[in-house]
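The values are calculated or read from the model by the stated rules, or taken from the named source; none is laboratory data. Quick caveat, the model's predicted, so the values are computed rather than measured. Note that we place each Cβ from the backbone using ideal geometry, even for glycine, and neighbour counts take in every protein chain shown. Side chains are part of the model used for accessible areas, which takes the heavy atoms of the whole protein and leaves out ligands, DNA and RNA. Shrake-Rupley method; radii C 1.70, N 1.55, O 1.52, S 1.80 Å.
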Amino acid sequence: MLSEKLKEETKTYHHQTEVALIGRIKAISDKEDYASLLKMFYGYFGGLEKHIDNAIDTSLMDDYHQRRKTSAIAEDLEALNADVPAVAEGGDLPEITSHLQALGALYVIEGSTLGGKIISKMIAQKLDPLHGEALSFFNSYGDDTMKMWNSFKEKMNNQAQTEAEKATVTESANNTFRHFADWIARYN
Ligand code: HEM
């Protein structure tokens, strides 16, 4: 099944992303540091979202517009009185010009809601005065996070049946992780 292939074939990149982020999150000591983390996510995920919007076939992913959007990061930044940065473009982003490539990028974004729950707990512990404010992006879908993840995987699995289609989605997911790793490295 595609979701199993994706999990297996992207796990090295996931691990690298996790390691790079945990270091940054542990180093957060005030709201400015947290705003800088949000800006990093906004820039990359914001650019990615525009590409996905242009390529995704919403008749095949009918709840796409209800899924988490980078506007949540903009709201969190505004709650911190921080500026909303420009989004990534051009060579900073993977190529997403087909529905299958959009699915690969969306796999990465939707999967990040699982790690988001862990990140939001780490940030809330560090910045207690936030009292849960400015955490809407990392809180993901709250108690519905697993339900949303499982329904995403189910829809995605139905759309890439052949080996060639599965390879296209997997390559796009790995490209999405790889460009994000480069983006993160530039913020360190
Ligand atoms: C501190 C950072 C992170 C932590 C601690 C973390 C942790 C996790 C955990 C615990 C899971 C669930 C694994 C499972 O159920 O088997 C997961 C899944 C996933 N995460 Fe992360 N994550 C982090 C950051 C990210 C980021 C930034 C991205 C994307 C850019 C990402 C993409 C994914 C994906 C795609 C999955 C789904 C894997 C699957 O196919 O089951 N994660 N993560």
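Where does the charge balance sit around residue 18 when Lys and Arg score +1, Asp and Glu -1, over other residues with C-beta under 13 Å from its C-beta?
+3
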(request) Using packing as a proxy for protection, rank 57-69, 1-13 so that the peptide with the highest average count of other Cβ atoms within 10 Å comes first. (result) 1-13, 57-69
(request) Tell me the label-point distance for the pair residue 60, residue 187, using the 7 Å Cα-to-Cβ offset, in nm and rounded to one decimal. (result) 3.0 nm
(request) Name the shape class, rounded, prolate or oblate, that the alpha-carbon gyration tensor gives for the chain, where a ≥ b ≥ c are the square roots of its eigenvalues, rounded holds for a/c under 1.5, and otherwise prolate holds if a/b is larger than b/c and oblate otherwise. (result) prolate
(request) Give me the number: length gained by fully extending residue 26 to residue 162, i.e. 0.36 nm times residue separation minus the C-alpha to C-alpha distance, one decimal in nm. (result) 44.8 nm
(message) Let's see if you can work this out: charge +1 on each Lys and Arg Cβ, -1 on each Asp and Glu Cβ, no other charges. What is the dipole magnitude of region 1-112 about its Cα centre, in debye to the nearest 20?
(response) 280 debye
(request) Under a cut-off of 18 Å between alpha-carbon atoms, report the aspartates and glutamates in cross-link reach of residue 7, not counting same-chain residues fewer than 8 places apart. (result) 18, 110, 154, 163, 165, 171
(message) Leaving out ligands, DNA and RNA, and with a 1.4 Å probe, what % of the accessible surface on region 1-64 is carbon or sulfur?
(response) 49 percent
(request) State the Cα centre-to-centre distance between region 37-58 and region 79-152 in whole Å. (result) 10 Å
(request) At 1.4 Å probe size, with every protein chain present, just tell me what the per residue accessible area of the chain comes to in Å². (result) 50 Å²
(request) When a/c is below 1.5 the answer is rounded, else prolate if a/b is larger than b/c, else oblate, so apply that to region 1-100 with a ≥ b ≥ c taken from the square roots of the Cα gyration tensor eigenvalues. (result) oblate
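If each DSSP helix of 4+ residues adds -39,500 (n - 2.57) and the sum is divided by the residues in the chain, what number results at 222 nm, nearest 500 deg cm²/dmol?
-22500 deg cm²/dmol
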(request) Work out the charge dipole of region 28-132 with +1 on the Cβ of Lys and Arg and -1 on the Cβ of Asp and Glu about the Cα centre, then indicate which of 74, 118, 106 is farthest towards its positive end. (result) 118
(request) Report the charge-dipole magnitude of the chain in Debye, nearest 20, computed about the Cα centre from +1 at each Lys and Arg Cβ and -1 at each Asp and Glu Cβ. (result) 460 debye
(request) Please compute the net charge surrounding residue 5, taking Lys and Arg as +1 and Asp and Glu as -1 over other residues with Cβ under 12 Å from its Cβ. (result) -2
(request) First select every other residue whose beta carbon is under 13 angstrom from the beta carbon of residue 54; then total the charges, Lys and Arg +1, Asp and Glu -1. (result) -4
